[in-house]
Amino acid sequence: MGLLFVPSPLQLTDKLMEGLICSRIIPIRAYGNQGNTPLFPRHTSSRRRVFYGPIKMMGPSTSPNSKVGSVKPLTASSSSRFDNTLPSREVLDIWQKADAVCFDVDSTVCVDEGIDELAEFCGAGKSVAEWTARAMGGSVPFEEALAARLSLFKPSLSQVQDFLEKRPPRLSPGIKELVQKLKESGKTVYLISGGFRQMINPVASILGVPTENIFANQLLFKTSGEFAGFDANEPTSRSGGKPTAVELLRKAHGYKIVVMIGDGATDLEAQKPGCADLFICYGGVQLREAVSVKAGWLVFNFKDLINSLE
């Protein structure tokens, strides 16, 4: 008669641990760009701050005058909150047939808010960033927020020039390819921003957008180079400025279909009769839920827009 082997509790525990160690664990991939690394601190010497989050490992810059920024990917749980991440047939038709496409610049074409970066460079980053968040969320009139932010640090001409030399534009991943694809498709590209021409002109140069296709604000300086305010005659210097800019270019060129792409409340404003026919919210840098839920299409990667044109 053979002996029946009954493992001891300790042997059962060992077997269980062995099974757990040897079992294959399948990772769940979050929605986002390829090349994400695990969470670890990223030190940015120019800002003297430490950021925690998934970091996109970037290759060499595509332009000697620009840097491609890294964008924190949206997690799968976050994207599931929205039902406009896939375009309807009507939205896709408008996008594909558009005569002109207008882009916001800060947190859309570029990965940061230009005025926040300039303020930080001048030593007033935190207080200015708080005003920017309020303005982009739509809680205060844009002109009030713009004047308040500038009054906090009053940049001189020499500071702006120094900033432009030391902080080249950081473009969002895929924006150069998207602009090129739009041009190849016969669409005219515009930059419509509440930022400043002094900082947007280098971005336009990199993207091949002519200066006459820029609507933006203008910093003013005294002959001594001291800060003298901003040009209040620019349409983008106030609330409702972006729809006004879209309406102006639409009438000037006779465009039948115009699309606005951006991340903030001022971009959403452009979607009204006689202005933009469609607002596409880009949430790859800043996801403002109050804005994104009202968009005709919410995207987190410009590749989605590129692929939909092919």
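Residue-wise HN-Hα couplings along the stretch 139-155, as the Karplus relation 6.51 cos²θ - 1.76 cosθ + 1.60 with θ = phi - 60° gives them from phi, are 7, 9, x, 4, 5, 5, 5, 5, 4, 5, 5, 5, 5, 6, 9, 6, x Hz; Gly and Pro carry x.
Calculated over the stretch 173-310, the projected area of the Cα convex hull averaged across directions stands at 9.1 nm².
Taking amide H positions as modeled 1.01 Å from N, with prolines and chain starts lacking one, the residues under 5 Å from Tyr190 and 5 or more places away or on another chain are Val101, Cys102, Phe103. The residues of the stretch 110-165 expose on average 43 square angstrom of accessible surface per residue, using a 1.4 Å probe on protein heavy atoms. Under a 5 Å amide H cut-off, with hydrogens placed 1.01 Å from N, Phe221 pairs with Ala228 among residues at least 5 apart or on other chains. Ligands, DNA and RNA are left out, and with a 1.4 angstrom probe the accessible area of the stretch 201-310 is 42 Å² per residue. For the cross-link pairs Lys97/Lys303; Lys154/Lys303; Lys154/Lys187; Lys166/Lys303; Lys154/Lys181, the ones whose C-alpha atoms lie over 27 Å apart are Lys154/Lys303; Lys154/Lys187; Lys166/Lys303; Lys154/Lys181.
Computed from phi, the 3J(HN,Hα) profile of the stretch 245-252 under the Karplus parametrisation 6.51, -1.76, 1.60 (θ = phi - 60°) reads 4, 5, 5, 5, 5, 5, 5, 5 Hz, with x in place of Gly and Pro. As a fraction of the 1.4 Å probe accessible area of the stretch 196-241, surface on carbon and sulfur atoms comes out at 48 percent.
Backbone geometry of the stretch 208-217 corresponds, through the Karplus equation with coefficients 6.51, -1.76 and 1.60 at θ = phi - 60°, to 3J(HN,Hα) couplings of x, 9, x, 4, 5, 9, 10, 10, 7, 8 Hz, x marking Gly and Pro. Spin-label model, Thr223/Leu86: points 7 Å from Cα along the beta carbon direction are separated by 6.5 nm.
With Cα atoms defining each centre, the stretch 166-199 and the stretch 96-149 are spaced 16 Å apart in the structure.
The values are calculated or read from the model by the stated rules, or taken from the named source; none is laboratory data. Just so it is clear, the structure is predicted and the values come from calculations on it, not from any experiment. Here the Cβ is made from the backbone with ideal geometry for all residues, glycine too, and neighbour counts use every protein chain on show. Surface accessibility is based on the protein's heavy atoms, side chains included, excluding ligands, DNA and RNA. Shrake-Rupley method; radii C 1.70, N 1.55, O 1.52, S 1.80 Å.
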